[in-house]
Each structure stands twice: as C-alpha cells, then as structure tokens.
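The values are calculated or read from the model by the stated rules, or taken from the named source; none is laboratory data. Just so you know, these numbers come straight off a predicted model, no measurement behind them. Neighbour counts run over all protein chains shown; Cβ positions are idealised from the backbone, glycine included.
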Amino acid sequence: MDSLLKRIFDIVTAAAGLLLALPLIGLCWTIAAIDTRSNGFFIQKRIGRHGRVIHVCKIKTMYPGDSRRSPIASRNAAVITGSGRFFRKYKLDELPQLFNVLLGSMSIVGPRPDVPGYADRLEGGDRIILQLRPGITGPASIKYKNEEEILASMDDPLAYNDQVIWPDKVRLNKEYIRNYSLLRDFGYILQTLFGRGPHEHP
C-alpha cells in the first residue's frame, strides 16, 4: 500500500469535501445545537492507527449527559434527538470527520474507528487493521450501512454484534488491506455517496 499516495488523496478529497459541505455542516450544527441546547458538535474517543486513542468529531445526535448511552447504537434510541435520527439516517452526522481526515487522524476510506474495547483488543494477524488510519467509509461500512436497524431487530444486539458483525467487519477490513488500490478507494466513495461502485461484498 502506498501510504503517501493515499495520504495525498485524503488531503485533496477532504479539502474539496469541506469546501462543498461546510454550509451543510454549519446548518446541521445549528439544528443540533438548538435540539440539544448544547454545542452541536460531539467529540468521541475512538481507537485509531496503531491502537492510539483519537478524538472523532461528529454532529451531536443524542441529548447530552445521559447515562443510558451504550456502545451499541440501537440501544440509544430513547436518547436520540429528532434531528439526530435524520442525521444518522443520511450519515450527515459523519461529515465533520472530514476535519479529522485533513488533520491526519483519519482517512477517507478505511476501517471505521471503533470505541475502546474492540479494535484495541485485536490479536495476531487481525492487528494489521491497526496499521491504517481509520476511515469515514469502507467496505465494512457499506455492507453494514443499516447496522443500527439490524441490531435493533435482534433479541441480544450486543451478542450479535460481538459474534457476527464485528468478526465480519474484521474480515472485510483485512481484505481491504490485502486488495488495496486507489481506484478501489474511489469506488467505495462513489458507492457511499451514490450507491454505485465496486460491489465486492454483497
């Protein structure tokens, strides 16, 4: 993998994306701030490259200071704001992560940055995933774009996530690294934005 070429691609793409998305980010921030009566941005600790903690910026979708939050998103339905449901459905809450990409803690395409307790516990050959900057989108994100709905339909969403979804994401992310190309990254971006691109993981 040509990490320099990937980084240049990230910088150019994130800068262009921010130029286009800044008005939308500003609008979402304003709506979230009004809805939650707090700062419309939410900073969350996630696991980044080499297992280090990074701080990911998102549009706030839940009421602040609620102790009922769970790492499994489907369990947070009761504390998600009205605007938050809309932002999550159309992934608008992810847009501020373009700042993370520009600053170097994330990539446009790559494994999603997980909360502590998952990626930082990878073992053996699975730790190859931690060699990459985490991404805004990627093959695992595309396959599980409706992850919240899937987990909400399960009797035990935590067990299903740990036993089915998480291992499959690890597999997809390892395949992404083994088969990496800049053209594939571009395809994943198109697939994320428009539902078109390489359909390698139906």
Exercise. Would you call Asp10 in a helix (DSSP H, G or I) and farther than 18 Å from Leu98 by Cα?
Worked result: no
For this session: Considering every residue within region 108-119, establish whether at least one is of a type in the set (Asp, Glu) and more than 20 Å from Met62 (Cα to Cα).
Result: no
Exercise. Looking at Leu193, Leu172, which is the one that is without any contact (Cβ under 8 Å) to a residue 24 or more places away in the chain and under 17 Å from the mean Cα position of the chain (by Cα)?
Worked result: Leu193
Exercise. Only one of (1) at pLDDT 95 or above; (2) of a type in the set (Asp, Glu); (3) in contact with an Asp or Glu (Cβ under 9 Å, 6 or more places away or on another chain) is not met by Glu200, so which one is it?
Worked result: (1)
For this session: Only residues in region 179-190 that are within 10 Å of Gly138 (Cα to Cα) and without any contact (Cβ under 8 Å) to a residue 24 or more places away in the chain count as the first member; pair them with residues that are buried (at least 18 other Cβ atoms within 10 Å of the Cβ) and basic (Lys, Arg), Cβ under 6 angstrom, at least 6 apart or cross-chain, and list the lot.
Result: none
For this session: Evaluate region 98-108: report whether one residue or more is surrounded by 14 or more Cβ atoms within 10 Å (Cβ to Cβ), in contact with a Cys (Cβ under 7 Å, 6 or more places away or on another chain), at negative phi and modelled with pLDDT of 95 or more.
Result: yes
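Determine which member of the set Asp126, Asp114 is buried (at least 18 other Cβ atoms within 10 Å of the Cβ) and among the acidic types (Asp, Glu).
Details: Asp126 fails: buried (at least 18 other Cβ atoms within 10 Å of the Cβ).
Asp114 is the lone residue from the list that is buried (at least 18 other Cβ atoms within 10 Å of the Cβ) and among the acidic types (Asp, Glu).
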Exercise. Within region 109-127, how many residues are touching a strand residue (DSSP E or B) at 6+ places or on another chain (Cβ under 6 Å), closer than 25 Å to Leu183 by Cα and either outside any loop (DSSP other than H, G, I, E, B) or among the basic types (Lys, Arg) (or both)?
Worked result: 1
For this session: Could you grab the pairs with beta carbons closer than 6 Å, sequence gap of 6+ or different chains, first residue in region 45-69 and under 17 Å from Leu102 (Cα atoms) and of a type in the set (Gly, Ala, Ser), second one modelled with pLDDT of 95 or more and part of a loop (DSSP other than H, G, I, E, B)?
Result: Gly48/Ser105; Gly48/Pro134
For this session: Output the number of the condition that Asp162 fails; it satisfies all remaining conditions of (1) within 18 Å of the chain's Cα centre (by Cα); (2) more than 22 Å from Gly104 (Cβ to Cβ); (3) in contact (Cβ under 8 Å) with a residue 24 or more places away in the chain; (4) surrounded by fewer than 19 Cβ atoms within 10 Å (Cβ to Cβ).
Result: (3)
Exercise. Would region 181-189 turn up any residue that is under 18 Å from the mean Cα position of the chain (by Cα), of a type outside the set (Lys, Arg) and closer than 23 Å to Cys28 by Cα?
Worked result: yes
Seminar exercise, completed: region 129-202: helices (runs of 4 or more DSSP H) wholly inside it with 2 or more residues that are within 22 Å of Leu4 (Cα to Cα) are 166-178, 182-194
For this session: Pairs only if they're at least six apart or on different chains, beta carbon under 9 angstrom, first in region 27-39 and more than 13 Å from Phe87 (Cα to Cα), second of a type outside the set (Lys, Arg) and assigned to a helix (DSSP H, G or I); list them, first residue then second.
Result: Ile34/Ser83; Thr36/Ser83; Thr36/Gly84; Ser38/Ala32; Asn39/Trp29; Asn39/Ala32; Asn39/Ala33
